[in-house]
Amino acid sequence: ARVDLLLGQCYEQMGQYDRAKDAYDRAVLADPTSDEGRAARVAFHRVRQLAEGRLAVPPDADDAGQPPAERPVEEEWQALLAKLSEDATEADKQLLKSNLLLQREEYNQARDLLGKARAADPKNARLWAASIQLALRAPEQGLQDALQLLREAQEQLGDNESFRMTAEQVHVAYVDWLASDPKRGGADKAKPLLAAAEQEFGDTTLIRLAKIKLLAAEGSSDLADQLHQLEQGIDGRPEGEQLLFWSNVWLQYYQHGLRDDARRCLQRLAQLQPNNLKIQTMLFDLALEMQDNESMQKAIADIRALGDETGWRRCEAARLVFRIARGQQDKSALADAQRLIDEVKQARPDWNEVYRLQAEIDLLNDNQEAAVANFQRSFELGPPNVIAVRKVHLLLSRMGRHGEAQKVLGLLGDEQRASVVPEQQVENLMRTGKTAAALQMAQTAVDADSANPMKHLWHGQILVHAKEVAAAVQAFRRAVELAPQQSQAWLALITALALNQEQAAAATELQRAQLHLAADELPLLLAQCSEVLAKPDDAERYYQMACDADPTNLSLQRATAAFYLGPHYTGNDKNSKARRHLNEILRHGKNTAEAADPNVAWARRMAARLLAASGQYADIQKAIELIQQNHTDRQLGSTELLEMARILANRPEPVSRQRTTELLEQLRERGELAANEQLILAQLYHRAGQWPACRSLMDDLIAQNSSDYRIWAVYSVMLLDRGDLSQAARRIAQLESLDPNNTATKELQASLLAKQGQPQEAVATLKQILPAAPTRKDVPTLLRVAGLLGQIKQYDQAEQVFRQAAELEPRTRLQLATFLGRYGDLNEAFKMLDAARGTRSDLAALSIAVDCVNRRRHEVGNQYDPQLEAWFERLVRANPGASPLQMQLAKFRDGQGRYDDVEQIYRQLLDQRDLTAGPERAAVLNNLAYTLALQGEKGNEGMTMINEAIKLVGPAAEVLDTRAMVKLSLGDVQGALEDLKLALITGRSALKLLHLALAELAADDKPSARKTLEEAQQLGLDEDGIGGLEREKYQQLMRQLGISQARRGVNTGLTAVRWLRATA
């Protein structure tokens, strides 16, 4: 039971909450009488419920982006009480309430509550244990209070076995506290106490860890040998204790420069937890530091095998950039690094480190404009780095953009700006890879002005950039000696020590800094250093202290907001906490004198980004309005234009796509559009049908980035979409020369072969992607290849691969059923779908069944309708008002041709109280308006509905398409044409083109209608794939244009019930 308790604590600290729960449950099962086990399990479950929001009412943020109001403690407490099980004891309740107070950092109230509980129940070991743990976490005098509580507990409880682990923890904490500071007695005083603890508790894992810390504090010359001795016998202990030991001892080896031993310990941890991505990532970072390319590659392979697609790509990109920058790998490998970074950006678009890496790649490519844009993006996502700001200042100066160069210096404080003295030759040498010459020249500059602390600070920054961290530490030490009152010199020194893995030295220097700096400077320095040392809890506390002391300091408010938005703070409340500081900056920004402050402009961009993250159209509009306030003389800077473009680029509204195009064109005219954004602009041109502009821009990009795999791949896709097979073949051949084994190359080759009428060759090419003996981890690849085989209509081959995937991973059986339902044996598909009845996939299986029957109704008629009717009846009986279920029923009725029933279902949904706003109501309004329009009835009512939908979700392409059909039913042909042409900006689909052809025919433009309909048919339009009402209009259109009946057999699956976002 004791081991499982320890194991649960380990898992909880590592964030593996499922395994922590299992360990705590095992501890209670092993010893049901253990008070400590029960207390740990209760506390864990309650804390997890709090963290996951299952015991709290979801907060509402107001329209201005304000943080949600925190509920009062008593209100939260009453909500928790209502959730407690009936067998919860009074002690359980007091423990839970103390946890609630602790989460709010109300230590004094939590302490008083537990004190009263102990007085009422002095023999309860759980209350004593919780009180001691609380004392150990308290910010002031925690250890002393814990010791006093321990003495009192031992008097009350006597020799309580279940309390021994808590007692041991306090003893060990006291030993560590003594050893960490010579003023408290140091190692000499700690040694005898540790020996006494070992005699009382035995040779436990906690005792061994205390010995290790004591050895480190002594600075023993034979530290490695003594650590090796303490490792003896650990592998025979329970898994939880092994994890605790190796996760501590590896850090000691690492901090003392014993990299090989540190790696050995990490490898032992990896053996214990082979699926722990954090450990594998640490192994990679250590290999990168040791410049061990073979170990880097192994770590990347292990991370990839665990399925962390983002993690392994980031690591591989870092490895390539590292080796290319040092001349250890050919520069052509930058194309691979770029592709990997792009993929990571898609998964983690707000990761500061990714944009820094991107900027380094841009510099290696001599793409200065892109480097500036990416460095600036990294500044927006985290606190600005002096070296990076200096690079941007230099680049902008060389480009002649002197105003922007001066503006970027505003990101830094006065002391930092003093260090940004343009040393053009040194920077140029560094950028071109001539590091040795650059360092020699920098040393000469420092020697010529050796009494200037800012010179030493600058020199240290150059050395850090050159990865000469040990030398940088000495430069920063000299800066500190010359100007001990300069906080930035101390920060640079402590940061360099942390980079050099000298954590103990960094902590010592932080203590020294506190003796030299003014009291008002300390909180910010402590916050920044805590962030550097990966202590987010301490960093948060100090940032808050700094803000409380100087609330009008906008740079300080910005640094705090950036901390919450950055990667170090991972709490679920990070956005709400960041908003508080952003709003404080914006409040000051309302004053005319401060409106042009760069911190205010930054806060507007960050607040806009948070608003836009909701995805709501109204919030997008507010975000754009917020950024537009950053104008200077009614002109927006490049940073603002780019931020607006990024917010609008992926929106579904055609007007947003148009606005994005305009913004990017404006940036391009200024010569300030990086390759990434140029590619986005080209894709916008392509989707909007502006091929000449798209082709011209893509040709320019290819000329400027001839080795960029990604650009060649995008161009190839565009050409395949247009059917320009000869040009596509040329581009794909270039891709093969750049990276012949890339799966994207194989996919494009297969697509080309299929379009050239060589299906068997296409199949053979796709099969080259498949592993020879696939395992479960290869299932995503199998599904990808199966889908591609289906796209080129090689259905037998696709079915075989889908079946392979389903055998390896049963959870993919629904995907196999979907494929069979559309292209194969519908009876077998229904058997698979039947197996999902009564499970969590019940509605999903029903949705698949409805879709498949609707697609093949011309073939199967009403054969499957009784089964579907019974399925719907069962689910409706269980949950009659569920809107996703009713939406599916409407889709089913539409396929049956029961349009009155479809209308009735939608009207009933609109009357539901829980469907008064939001995307779900907009979907119902859209579908009902569309159904009425196709029937040619109640056009005015349909227009009212579709206008309401636009107010809810904005003028999305699907809504504009519906409004066009409503206008057409009302005789507004010109209005319908305008809406349809606007809707097609986001992409040309078969159904929208059918509607455009209908409008063109209504405008008596038969040539255009015929051309549009032919394009729709090329995209897969077929009368068997559309609903009954649309089929009638399609047939009528064919007759009026004099086109013969198209051959049946190709399905697009388009039905009148067409926008089912609410069912996703």
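Looking at Gln678, Gln690, which is the one that is under 27 Å from the mean Cα position of the chain (by Cα), farther than 28 Å from Ala603 by Cβ and of a type in the set (S, T, N, Q)?
Values: Gln690 fails: under 27 Å from the mean Cα position of the chain (by Cα).
That would be Gln678, the only listed residue that is under 27 Å from the mean Cα position of the chain (by Cα), farther than 28 Å from Ala603 by Cβ and of a type in the set (S, T, N, Q).
Within segment 535-591, can you find the residues that are aromatic (Phe, Trp, Tyr) and under 21 Å from Arg605 (Cα atoms)?
First pass over segment 535-591, keeping only residues aromatic (Phe, Trp, Tyr): 542-543, 563-564, 569.
Once the filter is applied, which keeps residues that are aromatic (Phe, Trp, Tyr) and under 21 Å from Arg605 (Cα atoms), segment 535-591 yields Phe563, Tyr564, Tyr569.
Tally the residues that are part of a helix (DSSP H, G or I), hydrophobic (A, V, I, L, M, F, W, C) and buried (at least 18 other Cβ atoms within 10 Å of the Cβ), restricting the search to segment 768-813.
Number of matching residues: 12.
Quick one: in segment 713-728, of everything that is in a helix (DSSP H, G or I) and of a type in the set (Gly, Ala, Ser), which residue is nearest to Arg687 (Cα to Cα)? Within segment 713-728, the match that is nearest to Arg687 (Cα to Cα) is Ser716. Taken across segment 987-1000, residues that are surrounded by fewer than 24 Cβ atoms within 10 Å (Cβ to Cβ), within 34 Å of the chain's Cα centre (by Cα), in contact (Cβ under 8 Å) with a residue 24 or more places away in the chain and farther than 20 Å from Leu934 by Cβ do occur, with at least one present.
Taken over segment 309-365, the criterion of being crowded, with 17+ Cβ neighbours inside 10 Å, at pLDDT 85 or above and not in a helix (DSSP H, G or I) is satisfied by Gln329 alone. For segment 803-848, a residue qualifies if it is out of contact with any helix residue (DSSP H, G or I) (no Cβ under 6 Å at 6 or more places or on another chain), aliphatic (A, V, I, L, M) and over 13 Å from Leu783 (Cα atoms), and the qualifying residues are Leu826, Ala835, Leu843, Ala844.
Could you list all residues from segment 797-853 that are out of contact with any Asp or Glu (no Cβ under 7 Å at 6 or more places or on another chain) and among the aromatic types (Phe, Trp, Tyr)?
If the condition is that a residue be out of contact with any Asp or Glu (no Cβ under 7 Å at 6 or more places or on another chain) and among the aromatic types (Phe, Trp, Tyr), then Phe802, Tyr823, Phe830 are the ones that fit.
Note on segment 862-889: residues that are over 34 Å from the mean Cα position of the chain (by Cα) and part of a helix (DSSP H, G or I) amount to 15. Annotation note: of Arg668, Arg695, the sole residue that is among the basic types (Lys, Arg) and modelled with pLDDT under 90 is Arg668.
Of the residues making up segment 633-668, those that are farther than 23 Å from Pro598 by Cα and among the charged types (D, E, K, R) are Arg651, Glu653, Arg657, Arg659, Glu662, Glu665, Arg668.
Looking at segment 974-986 only, could you name the residues that are surrounded by fewer than 22 Cβ atoms within 10 Å (Cβ to Cβ), in contact with a Lys or Arg (Cβ under 8 Å, 6 or more places away or on another chain) and more than 19 Å from Arg657 (Cβ to Cβ)? Passing the criteria: only Gly975. A single entry from Arg731, Arg710 fulfils the requirement of being at pLDDT below 95, in a helix (DSSP H, G or I) and touching a Leu at 6+ places or on another chain (Cβ under 7 Å): Arg731. Of the residues that sit in segment 890-918 and are of a type in the set (D, E, K, R) and part of a loop (DSSP other than H, G, I, E, B), which one is surrounded by the most Cβ atoms within 10 Å (Cβ to Cβ)? Ranking the qualifying residues of segment 890-918, first place goes to Arg898.
Go through segment 484-509 and count every residue that is closer than 25 Å to Leu286 by Cα and assigned to a helix (DSSP H, G or I).
Residues that pass the stated criteria total 16.
The listed residues are Pro551, Pro523, and the only one of them that is surrounded by fewer than 22 Cβ atoms within 10 Å (Cβ to Cβ) and not in a loop (DSSP other than H, G, I, E, B) turns out to be Pro523.
Selection of first residues in segment 220-249 that are in the same structural domain as Arg268 (by TED's automatic domain parsing) and free of Cβ contacts under 8 Å to residues at least 24 places away in the same chain and of second residues that are exposed (fewer than 15 other Cβ atoms within 10 Å of the Cβ) and not in a helix (DSSP H, G or I), restricted to Cβ pairs under 9 Å at least 6 apart or on distinct chains, gives the following pairs, ordered by first then second residue: Gly233/Asp203.
Kindly indicate whether any position in segment 868-885 is of a type outside the set (S, T, N, Q), within 30 Å of Ser614 (Cβ to Cβ), crowded, with 22+ Cβ neighbours inside 10 Å and in the same structural domain as Glu948 (by TED's automatic domain parsing).
no
Quick one: is Val714 surrounded by fewer than 20 Cβ atoms within 10 Å (Cβ to Cβ), of a type in the set (Val, Ile, Thr), touching a residue at least 12 places away in the same chain (Cβ under 8 Å) and within 26 Å of Ala371 (Cα to Cα)? Yes; evaluated as a whole, the condition is true for this residue. Does Gly757 qualify as being surrounded by 19 or more Cβ atoms within 10 Å (Cβ to Cβ) and of a type outside the set (S, T, N, Q)? No: the conditions fail for Gly757.
The values are calculated or read from the model by the stated rules, or taken from the named source; none is laboratory data. Everything numeric here is computed off the predicted structure, so don't read it as measured data. Ideal geometry is used to build each Cβ from the backbone, glycine not excepted, and the neighbour counts take in all protein chains shown.
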